1. Taking only region A:176-207 into account, find how many residues are part of a loop (DSSP other than H, G, I, E, B) and under 13 Å from the mean Cα position of the chain (by Cα).
2. Counting only residues that are modelled with pLDDT under 85 and under 43 Å from the mean Cα position of the chain (by Cα), give me the helices (runs of 4 or more DSSP H) lying completely in region B:266-357 with at least 3 of them.
3. With the checklist (1) at the interface with chain B (Cβ under 7 Å from one of its Cβ atoms); (2) more than 23 Å from A:Pro107 (Cα to Cα) in hand, flag the one item A:Leu56 doesn't pass.
4. Would you confirm, using the coordinates I've provided, whether A:Val194 is touching a helix residue (DSSP H, G or I) at 6+ places or on another chain (Cβ under 7 Å) and modelled with pLDDT of 90 or more?
5. What about B:Gly223, is it under 30 Å from B:Thr609 (Cβ atoms), open to solvent by less than 70 Å² (accessible area, probe 1.4 Å), modelled with pLDDT of 80 or more and in a helix (DSSP H, G or I)?
6. With B:Val617, B:Val622, B:Val670 as the choices, which residue is of a type in the set (Val, Ile, Thr), more than 14 Å from chain A (Cβ to nearest Cβ) and over 30 Å from B:Ala309 (Cα atoms)?
7. Residues in region A:64-72: is at least one hydroxyl-bearing (Ser, Thr, Tyr), within 14 Å of chain B (Cβ to nearest Cβ) and under 20 Å from B:Pro720 (Cα atoms)?
8. Can you name the residue in region B:529-552 that is assigned to a strand (DSSP E or B) and of a type in the set (Phe, Trp, Tyr) and, of all such residues, is modelled with the highest pLDDT?
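The values are calculated or read from the model by the stated rules, or taken from the named source; none is laboratory data. Since the model is a prediction, treat every value here as computed from it, not as a measurement. Quick reminder, even Gly has a Cβ in these numbers, built from the backbone with ideal geometry, and neighbours come from all protein chains shown. The area values use the complete protein model at the heavy-atom level, side chains included, leaving out ligands, DNA and RNA. Shrake-Rupley method; radii C 1.70, N 1.55, O 1.52, S 1.80 Å.
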Amino acid sequence: MIEVIEVTKRYRLGRMEVAALRGVTLEVSPGERLTIQGPSGSGKSTLLNMIGLLDLPTSGEIRIQGKETRKLSELERSRLRNRLVGFVFQRFNLIPYLSAWENVALPGEYAGIRRRERRARALKLLKSVGLAERASHLPAELSGGEEQRVAIARALFMRPALVLADEPTGNLDTEAGRRVVSLLRGINAQGAAVVVVTHNPEVGAIGTRTLYLKDGRLHLPLE
Amino acid sequence: MKLASRWDSGLLGMAAVAIATAAIFMVLGYQGASNREVLEMVTRLGANLVYVVLPDPVSLEKLKDLERLPEIEAVTGQGSCSYFYSPATQYTMGWQLVTPNFPDVLGIKLAFGTGFSPDVPDGVILGWEVKEVLFGEEDPVGQKLDGRPIIGVLALIHSDDSLRERWNRRVLHTRSRQGRGPSEIPSNAEGFQFIYVRAAASPILAEELLAERFPGAKLFRIGELYAFWLLPARILNRVLVISALGLLGLATLLLAITSLVSTYKRTRELGIRRAAGAAPRDILSRLVWEGGRRVGVSGGIGLIAGVVAVFLSRPAAAFWWPQALVLPGVFLVVLPGIVFPAWWAARITPVEALRRRTVFGRHRTWSGVHLLIVFSLAVGLLYSFLLNQLTLGVNSYLRLSWGKLDERVLLVRSPKESILTPPMLAPEDGELIRDVKGVELAVPIVSQALQRGIVAAAVGGGIVDLGFLPVIAGRLLQGDDFTEGRPVCLVSGGFAQRRGILLEEAPMVVVRGTPFQVVGVFEDAYIRAEFPVDILFTDRFVDLLPVGHTKFFVRLDGGTSLDVPREEIVRRFSERYPQQAKVEVTWAMGRQADIVGFFRAGARRMGLTAAAALLLVTGQAVGLVRFLLARRRMEYGIRRAIGASPHRILATVVMEVAGIAGSAFLLATVGGVLLSPQFLSWFFILPQPPWWGSLPLLAAIGGIIIVIASLPARTVCSIPPAGLVEGSRE
């Protein structure tokens, strides 16, 4: 479903050029559960951003369902991201002035789905993550675990084929973290491929395949 | 330096404070100069002088009786004034009947000769300009003017002396003369209707006495008179002072917004300071100090710029004591713009600040900043609205004054009076005008006073093409009226009002036994001075006005220099009537152009402050957008991450700015509709232009502001979403 071919990413920091990714190649199959582990600064999030079309590689190619994404316009990339990819961030990234259900329904706004349908679908998703009664609450009124569950519900709104999670339990206590991991498993069970970036071995254990990233280079799966 | 860093360092806010400080310094200086002018002139003449307009002229003897009263020190009077035009010198002077002590009481010194004396009863005293025109450097005392001995010459009166400078162009005499010119009103022989009374002590006592002796008389202190002459300039100054204060208010807002943006970007730094032990008051005082330093520097620069500008434009406007208060005043006004963001920043808890979760808006509704921007934008738009209404009003004044006449139209008429023999201009003289090269149209108008001061006029057919006379009801005279000789007429608005004429009643007016049907009413509020006509009919009935005065409205084709045909007309008349002052040729628009010129110059000066105000409010709108972008950077990133295209983000920002601009537009329109009648009345613009005339301008300004203010949003759109989402670059 996703092919990452010889991708490099360099950033310029003042006069210095820093390589975040160096010739990374990997493939994500439909329905796969992939975890990417590595120390802080190894390029995990950068790789996730590349896969999710949030950023463009300096060189190399990323293909989604056979399409070469480099040739896509910004608008086409946005639409592809909207339809195919769901994001779960470490810091939840909910919009503070939107209620829980409005946050969940946000991707529908850009897909042109009517408000009534958006709301119905968002409430259903919130119910599935155990937050039906918190639908009208603002993010500031939710606990960290609840915020992350809202973020997961948002990631599922467009029924994406791929869910990308960047340290999804990084800001959560153990219990809340377990619940999030369980949800991610559930998502995968419904057919979506899940790619989780983490340096938490417990979370990394959910992967059917694990890749290790160090200094921007991909290493063989850990045994 | 990039725009972003300019914002961060608050340079735009500083520039705004500098502009406002300079503007306040300048307009305060102008205001002070105007006040001083009045004061100096009043001091020159003495504050105990009272000008009186009597209901009826009084004799010289009666004025002398007044001088015997203990409350009154001296009395002088002026009677009728006849104007003389000399084609040889192209100069108009006034022959002014005065009492013998006139120069003394009005404090006008003599440059040559002596004052009036019984020994030379018909002697005349020339104003300085009359002497210069007629005699040049020569001392004219002892020579004769129009058969009268010249006994003296008044010293030059400075042109700033608005009340007395006219005497430069007058010939003073104490014995009435018989009029010779076609327009001279039979003089009210010995009468003096306008008198100057110098009070012995308090002018109040003198005023009470005069009011008692002359019921219905109008009394003015000399200071009021000078102030009256300077009234338009003083009103303009007042408006400019208000505008400059408005600019300062806008600058304060801009300063506050730039400080907010800057503070927002330093949230983390503030959190670290708090964590290191800084109390809220330390944060507050630090930010206030930083802001105060910026205001001090910018205010100082503005002050220097103001001083330089004043010295370059009007040195007399420098050094009025209130100007010394400009800098402290500016400090005081802009203080909230410094303290408010600092207070806001000091409220942040260290934890929130370190997480960069600030008090800066967690709500989607408009914040106080939005409302402030709406308000200041509305002020800028309102000012533009009022200025545009003023311009429309001045243009409308011109249209009402002279219809569609433009700078190509000449007015050819007999001189009002002349020191040479002025034969009457006749309709037949049109032959000398019509075939002059460059003349497109020559329309004769013959007017004659009838009984009870009513003036009737017969006009040639070209009046239709000339587009002269704005008709406010009914219709203008038409081609058929001329060819078929229809007995129809137009009447002036004033005449129609006095007579209660209503067009729907098919009213008739009888002129020397000939009935005319009134078909239209023309606006005469502003044109009576040049065109004092009550009833206007076609020249087929010119025989009804056997001793009428003829004048021509001549339109030039504009193909060549307008002066060439004008000079040719003068030359032809001089040739046909040698040694006679037959015509006076002026630009029809000249007088009106002078009148509106002041307003236009004023509108230009106000336009500058309006432009500065709009610049500041645009800066504010840009500042707001930058503030929003800074505050919502992550939100936009999230939206991008879940599929929003850059255009959607741009559209979101544009819609928000449009909402602000739209609200300001509505506020400015409502304010403009309510305030413009009062504003225009300050400038004596009576015909109120329709309020919707300024809407296109407002919409255009609003549109430009939306576009400019939305420009910073492009930056956010060009950043990859990964760069916007927090913690995405690992």
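1. Taking region A:176-207 first, the residues part of a loop (DSSP other than H, G, I, E, B) are A:190-192, A:199-200, A:205-207.
Narrowing the set further to residues that are under 13 Å from the mean Cα position of the chain (by Cα) leaves A:192.
Selection size over region A:176-207: 1.
2. Working: elements: B:267-275, B:280-313, B:326-346, B:350-354.
The helices (runs of 4 or more DSSP H) meeting that bar are B:280-313, B:326-346.
3. So the condition that A:Leu56 fails would be (2).
4. Working: touching a helix residue (DSSP H, G or I) at 6+ places or on another chain (Cβ under 7 Å): yes; modelled with pLDDT of 90 or more: yes.
Criteria met by A:Val194.
5. Details: under 30 Å from B:Thr609 (Cβ atoms): yes; open to solvent by less than 70 Å² (accessible area, probe 1.4 Å): yes; modelled with pLDDT of 80 or more: no; in a helix (DSSP H, G or I): yes.
Judged against the criteria, B:Gly223 is not a match.
6. Details: B:Val617 fails: over 30 Å from B:Ala309 (Cα atoms); B:Val622 fails: over 30 Å from B:Ala309 (Cα atoms).
Of B:Val617, B:Val622, B:Val670, the one residue that is of a type in the set (Val, Ile, Thr), more than 14 Å from chain A (Cβ to nearest Cβ) and over 30 Å from B:Ala309 (Cα atoms) is B:Val670.
7. Quick first cut of region A:64-72, residues hydroxyl-bearing (Ser, Thr, Tyr) only: A:69.
Next, from what is left, pick out any that are within 14 Å of chain B (Cβ to nearest Cβ): A:69.
With under 20 Å from B:Pro720 (Cα atoms) added as a condition, the list becomes A:69.
Among the residues of region A:64-72, at least one is hydroxyl-bearing (Ser, Thr, Tyr), within 14 Å of chain B (Cβ to nearest Cβ) and under 20 Å from B:Pro720 (Cα atoms), which makes the answer yes.
8. At the first step, the residues of region B:529-552 found to be assigned to a strand (DSSP E or B) are B:535-538, B:549-552.
Remaining after also requiring of a type in the set (Phe, Trp, Tyr): B:537, B:552.
Values: B:Phe537: 93, B:Phe552: 87.
Per the criteria, the residue is B:Phe537.
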